[in-house]
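Here is the structure we will look at, set down as structure tokens.
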Amino acid sequence: MNADDQDLLDALLEGHHRALARIISKIENRAPGYRDLVSELYAHTGNADVIGITGSPGAGKSTLVDKLAETYRERGETVGIIAIDPSSPFTGGAVLGDRIRMASTIGDMDVFVRSMSARGTLGGLSTATADAVKAMDAFGKDKIIIETVGAGQNEVDIVRTADTVAVLVPPGSGDSVQTLKAGILEIADVFVVNKADRDGADRTVQELQEMLHIGADVGFGGSGHHGADAMAGTDGDSTDDTDTETDSNDLDDWMPPIVETVATKGTGVDTFIDELAAHKSFLVDSGTHAKKVRQRYAEEIRTLLREDINALLEDELESAGGVDELAEAVRMGETNPYAIADDVLTPVEDCLSEADIEAVQAEFDS
Amino acid sequence: MSSEQDEESQSQPQSHGQGEGRSIRCLVAKVGLDGHDRGAHVISRAFRDAGFEVIYSGLHKAPDEIVQAAVQEDVDVLGISILSGAHDTLVPKIMSGLEEYGAREDTLVLVGGVIPEEDRPELKEEGVAAIFGPGTSIEETIEFVRENAPER
């Protein structure tokens, strides 16, 4: 790591806001040397609670995040917020508007709000988000909130970098609840029916409850009966294997609560915070937290490898005259994409036999 | 269409910023009590279409709030829109706030709005890079940002 980056890192650890901002920029830009920086950050992380908040546009995410931050501050905790907005697929430009809604804590530097755009990098946003979270964690933030529109897989990956995921469901989305079913609703640890003073809020709550109970009955994203039985069983036996027994069922034991809020008035925010805290305690007590963190790091390693190998190949392609010529050859019917991919990858496969992953693993086995 | 243009239209979005993965970040700020943000909206949209990342502050912000946003968001460009005539008190406050966080040197500060000719030298002395009055073309502003956004 060069001297400038070292200074920046030291400044971040000492609590200089500008250094934190600068490091997040480096992460976002993938500036030269950002990897060394992030590597150094790891040693200082692990103290923050990371909360992901997602939901459809206009569900009230930013407003709720604002109230959440305000309440945490009243309780004496520092807050970092990463607000992600889409960027234009055509120009790459973006208007990042979440900050406007976060007015309650404005002027308070202990709430660090950072707007990020989905810069159209290859799955890179979830990596950048995870790294930015690490920077805030190392800085010493107690709570880190990631806010993003719940539109697709990319966003699902982003909020998965959080320990606890809250999904906002505004009233009157009865029909869209159906369409959302096989996606974002599955990742919720806490449901928030925001704008609960509006017509149809009760109905939305009821529909969510129904969905959860059906899920519990068929064992999908399960909880409910199954979890309750398992718990009752372990209560009865006092044998030694109860621990392992509960371990295997841990993921099934959390029944996502449904919280009603009116973010603009701050109604229900305390209950919401209690539920977030309850989920965190559940994670820690049940041992699920370690499992989750492990999964997250596994995913990070995979993503890094994927991106790096991809970058290596891109460089190789570039030096060989770019992909355009090959694409033209396909267009002229001379070859096809599969054949080209095979040709390019054959030497890579040969090299893989030399890659000594076991040696890397052995290093940490002791 | 020439082959050169063809290439341009197919290039990755990020190539519109500065170098790989780099995008020009701007904060468009409304400071003080003036409530006219039409111009700020237009410029935000134009910057977006130019491929910049734009953070809009919203109306009626205090200088401290603008400084906080500029520092946290680590923007390359701070565009301040003032139509109230209070530029000679508000702009210096923002500049000294940036100074406090060590952000003054490498932030390109622009002022837009109604700024009388005789007030301009003073603002320039404060560290404002350019002042865009009524009638400035959007292309001119974008060009200025592209050429002067700090390399860092």
Completion exercise
For A:F364 and A:E74, extending 7 Å from Cα along the Cα-Cβ vector and measuring point to point gives, in nm, a value of 4.2
Fill in the blank from the handout: Counting sequence-distant residues (5 or more places) and residues on other chains, those with an amide H built under 5 Å from that of A:V169 are A:V192, A:V193, A:N194
Exercise for the section: Please turn the phi angles of region A:93-107 into ³J(HN,Hα) values with the Karplus equation 6.51 cos²θ - 1.76 cosθ + 1.60 (θ = phi - 60°), one per residue in order, whole Hz, x for glycine and proline. Expected result: x, 7, 10, 9, x, 5, 4, 4, 6, 9, 9, 5, 10, 5, x
Exercise for the section: Enumerate the lysines that A:K61 could reach by cross-link, defined here as Cα to Cα under 16 Å, with residues fewer than 8 away along the same chain left out. Expected result: A:K195, A:K265
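Using the per-residue mean of other Cβ atoms lying within 10 Å as a proxy for protection, in what order, highest first, do the peptides B:137-149, B:91-103 fall? Spell out each step's value before the answer.
Details: B:137-149: 14.6, B:91-103: 18.8.
Going from most to least packed, we get B:91-103, B:137-149.
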Completion exercise
In nanometres, the difference between 0.36 nm per residue of separation and the alpha-carbon distance of B:D106 and B:E122 is 3.8 nm
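Would you kindly state how much longer the chain becomes between A:T335 and A:E300 on full extension, computed as 0.36 nm times their sequence separation minus their alpha carbon distance, in nm to one decimal? Working shown, then result.
Numbers: separation 35, 0.36 × 35 = 12.60 nm, distance 3.53 nm.
Stretched out fully, the A:T335 to A:E300 stretch lengthens by 9.1 nm.
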Handout entry: 3J(HN,Hα) from dihedral phi, region A:342-355, Karplus parametrisation 6.51/-1.76/1.60, rounded to Hz, x for glycine, proline
Key = 4, 4, 5, 7, 4, x, 5, 4, 4, 5, 4, 4, 8, 5
Exercise for the section: May I ask you to evaluate 6.51 cos²θ - 1.76 cosθ + 1.60, the Karplus curve with θ = phi - 60°, for each residue of region A:57-71 and list the ³J(HN,Hα) values in order in whole Hz, giving x for glycine and proline? Expected result: x, x, 6, x, 4, 4, 5, 5, 4, 4, 5, 4, 4, 4, 5
Exercise for the section: Percent of Cα-Cα pairs per 10 Å bin, from 0 to the last occupied bin, for region A:301-365, please list those. Expected result: 17, 40, 26, 12, 4, 0
Problem - chain B: calculated mean residue ellipticity at 222 nm from DSSP helix runs of at least 4, using -39500 (n - 2.57) - result: -12500 deg cm²/dmol
Problem - Dipole axis of region A:301-365 (+1 Lys, Arg; -1 Asp, Glu on Cβ), positive-most option in A:A355, A:L326, A:L312 - result: A:L326
Exercise for the section: Can you give me the three principal axis dimensions of region A:46-100 from its C-alpha atoms, in Å, biggest first? Expected result: 43, 26, 18
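Tell me whether region B:35-103 comes out rounded, prolate or oblate; compute the Cα gyration tensor, take square roots of the eigenvalues as a ≥ b ≥ c, and use a/c under 1.5 as the rounded threshold. It would help to have the intermediate numbers written out before the result.
On the way: a/c = 2.22, a/b = 1.19, b/c = 1.86.
Oblate, because a/c is 1.5 or more while a/b does not exceed b/c.
Using the Kirkwood radius over C-alpha pairs as Rh, can you work out the diffusion coefficient of chain B via Stokes-Einstein at 4 °C, viscosity 1.567 mPa s, in µm² per second?
Values: Rh = 15.9 Å.
Diffusion coefficient, whole number: 81 µm²/s.
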Handout entry: Debye intensity ratio in log₁₀ form over the Cα atoms of region A:1-114, taken at each q of 0.10, 0.24 Å⁻¹
Key = -0.37, -1.36
Fill in the blank from the handout: Spelling it out for A:V95: with amide H atoms placed in the peptide plane at 1.01 Å from N, the residues 5 or more places away or on another chain with amide H under 5 Å from its amide H are B:V54
Handout entry: Dimensionless Rg/Rh of region B:97-143 - Kirkwood Rh, Rg from C-alpha atoms
Key = 1.01
Completion exercise
Applying the gyration tensor rule to the Cα atoms of region A:1-44 (axes a ≥ b ≥ c; rounded if a/c under 1.5, else prolate if a/b exceeds b/c, else oblate), the class is rounded
Handout entry: For A:E147, residues with placed amide H under 5 Å, excluding near neighbours
Key = A:I53, A:I82, A:A83, A:I84
Practice task
Based solely on C-alpha atoms, express the radius of gyration and the Dmax of region B:70-121 in angstrom.
Solution key: 11.4, 33
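Values in this text are rule-based calculations from the coordinates and carry no lab data. Remember, predicted model here, so these are calculated numbers, not experimental data. A quick note on method: Cβ atoms are made from the backbone with ideal geometry, for glycine too, and the neighbour counts reach across all protein chains shown.
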